[in-house]
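Computed from the coordinates by the stated procedures, all read-outs in this text should not be read as laboratory data. What you are looking at is a predicted structure, and each value in this text was computed from that prediction instead of being measured. With ideal geometry, Cβ positions are generated from the backbone for all residues, glycine too; neighbour counts draw on all protein chains shown.
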Amino acid sequence: MASPNPNVWRLGVLYSWLRLRCGVFLPLVASFFLLVGVVAYGLTVFMVVEGWNFLDSFYQVVITLSTVGFMEVHPISERGRIFVTILILLGVGSFAYLVGAMTQVIVDGKLHDLWGRRKMRKILDTLEGHYIVCGFGRIGQVVAQEMRQAGHTVVVIERNPELLAVLQEEGYLFLAGDASEDQTLIAAGVARAQGLFACVDTDAENVFITLSARQFRPDITIVARADRPDAVAKLERAGAQRVITPHHIGGRRIAQVMLRPTVTDFMDLALQGKNLQMEEARVAENSTLAGTTLITSGIRPRFGLMIIAIDKPGTGMLFNPQPNQLIEAGDTLIAVGPPENFAAFQAAARGETAEPA
């Protein structure tokens, strides 16, 4: 088998590099260099063939390519007219190619997309405490919607062009790219994010995303999706605090609807947050709740909420705590009640002075 021509190979490498650097604007860049080459050809014709100086040659090239119809600066020889004819044809062709490339960019909306991406990147550079959702598939869409409804800022990373159009239509902050690449996570603000959801379709990608995010932010909260049970341990070793298997949870939920329909209806009501809501609040050291018992804290009369569980660090979850149960700094209180009562309760747990209206 014959070896490839080195010159052809170099041209291929050059084209690939230009394609990578210029992207959709490669035709515009190519037309610009083509026009520069035509001008250089014209200067060569008038300076070398006709013997003119640079200024006269440049002026003649401009009026020739612009087709303004002015007379020649100096008389042109018969041989020069042949070269000028070629110059005119090349000039018309290069201008036509330039106009076509610009029209394609404008009609296809590529220029608008470029401005939109730059504006999006400026917004992303200013975000702090946001949440990153990697993948906008069936799971990622639900996650992004729930987080946005809860009032959190969400940045979605997606590479599917169809899903990118959906993200733009629904007004999400998004980044087009591969979430497993370090540069993409950095552009999404992983160093300033509060949490990350690894929701792409494959377990291998979710493991890689988790490893990369943990490398940049050792303290970031990561929730990952797993399709297979054997991937749970791998994601946990990669650094995910929580690993969710949608198929397993969905199957259990279907069974619970059949076995315990009333309990399921109550959980739906609490999680939907319309008339009843279930929330958590971590007790700070300077909180007035720290050092009190459930009955002396006055949570129920002050905020109209019921504490159904307390998560104590190092001990685990304590369900249905007794009235004399001590509340300590670092405890996470899980409460149920009307949605409008939680703001003051969570402020008190943080050590702020807000009281219920």
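Structural remarks
- Dividing the convex hull volume of the alpha carbon atoms of segment 127-249 by its residue count gives 92 Å³ per residue.
- Residue of ILE123, ILE86, ILE244 that the Gaussian network model of the chain assigns the largest fluctuation, springs spanning Cα pairs under 10 Å: ILE86
- Angle in degrees between helix 6-22 and the longest Cα principal axis of the chain, rounded to the nearest 10: 50 degrees
- With a cut-off of 14 Å between beta carbons, the residues surrounding ARG253 carry a summed charge of 0, where Lys and Arg count +1 and Asp and Glu -1.
- About the Cα centre, charge dipole magnitude for segment 127-249 (Lys/Arg +1, Asp/Glu -1 at Cβ), debye: 360 debye
- If you plug the beta carbon distance of GLU181 and HIS152 into 1/(1 + (r/R0)^6) with R0 = 22 Å, you get a FRET efficiency near 0.35.
- Taking THR67, THR315, THR293 in turn, the Gaussian network model of the chain (Cα-Cα springs below 10 Å) assigns the largest fluctuation to THR315.
- Around the amide H of ILE244, modelled in the peptide plane, lie the amide H atoms of ALA224, ARG225, ALA226, all under 5 Å away and 5 or more residues distant in sequence or on another chain.
- Rounded to two decimals, the Cα-based Rg/Rh of segment 274-349, with Kirkwood Rh, is 0.93.
- Applying 1/(1 + (r/R0)^6) with R0 = 56 Å to the Cβ-Cβ distance of ASN286 and TYR97 gives a FRET efficiency near 0.20.
- Helix 54-66 and the longest principal axis of the Cα set of the chain meet at an angle near 70°.
- Inter-site label distance for THR296 and TYR41 at 7 Å from Cα along Cβ, in nm: 9.4 nm
- Neighbour-count ranking [beta-carbon atoms within 10 angstrom, fewest first] of VAL36, VAL49, VAL200: VAL36, VAL49, VAL200
- Angle between the chain longest axis and helix 261-272 axis [Cα atoms, degrees, rounded to 10]: 50 degrees
- Our helix-only sum for the chain, with -39,500 (n - 2.57) per DSSP H run of n ≥ 4 divided by its residues, gives a mean residue ellipticity at 222 nm of -16500 deg cm²/dmol.
- Most mobile listed residue (ARG253, ARG225, ARG192) in the chain, GNM with C-alpha springs under 10 Å: ARG253
- Coupling constants for segment 227-232 follow from the phi torsions by the Karplus curve (6.51 cos²θ - 1.76 cosθ + 1.60, θ = phi - 60°), and in residue order they are 7, 10, x, 6, 8, 4 Hz; glycine and proline get x.
- For GLY291, distant residues with modelled amide H under 5 Å away: ILE327, GLU328, ALA329
- Across the alpha-carbon set of segment 198-357, the Rg to Rh ratio works out to 1.04, Rh being the Kirkwood radius.
- Segment PHE70-ASP265, length gained on full extension (0.36 nm per residue, minus Cα span): 61.7 nm
- In plain terms, the chain from ARG242 to ALA165 could stretch by 24.7 nm, reckoned as 0.36 nm per residue minus the Cα-Cα distance.
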